[in-house]
Amino acid sequence: MNLAKVVFDVVCIGVVPLVGVVWAWRPYLLTQKLLERGVHTKAKVVRAEDEKDDGTTYWRVEYAFRPPGAPEVRGDYQHDKKKSRPNPQVGDALELSYLPEDPRKHQLVGQEAGLARTVFLTCFFMLFLITPVFRMLKHQP
């Protein structure tokens with residue numbers, strides 16, 4: 001077997017799914033930390049622009065908040081224009097929670113990661129790890 005194929009297989013079959021699992025769990029774990037010890041505050045919309053991506057129109061919203069005794073923290077999100085809530089305007093207040101030890105780790109209220117989505121994504125990525133094992137077992141004499 002050639003070395004390039006082995007490296008490619010290890011990356012595609014092992015590394016990519018494991019990175020995917022970590023990627024899937026990070027937002028959920030942040031949500032849990034914020035529920036346990038997050039500080040609730042308000043941020044102010046500092047920019048809201050109409051954008052289009054692959055035919056989908058949305059608002060790109062940038063916001064800022066200042067934790068006590070710390071520098072201003074900025075974040076952004078995409079606001080779907082089709083949602084029933086009103087489109088954001090500069091100066092609007094947004095509610096969020098942040099970790100007091102690292103305010104850069106924050107989430108807007110209503111954008112918390114749920115367990116169902118996290119488990120679904122984990123199962124999806126784990127299929128990439130399990131499928132090659134089943135193929136190897138199937139081809140054994």
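The values are calculated or read from the model by the stated rules, or taken from the named source; none is laboratory data. Because the structure is predicted, anything quoted here is derived from the model rather than measured.
Of the residues that make up the stretch 82-96, is at least one hydrophobic (A, V, I, L, M, F, W, C), at pLDDT 95 or above and over 16 Å from the mean Cα position of the chain (by Cα)?
No, there is no match, as no residue in the stretch 82-96 is hydrophobic (A, V, I, L, M, F, W, C), at pLDDT 95 or above and over 16 Å from the mean Cα position of the chain (by Cα).
Going through the stretch 45-81 one residue at a time, which ones are basic (K, R) and either at pLDDT 85 or above or outside any loop (DSSP other than H, G, I, E, B) (or both)?
Keep residues of the stretch 45-81 that are basic (K, R), which gives 47, 52, 60, 66, 74, 81.
Passing the criteria: R47, K52, R60, R66, R74.
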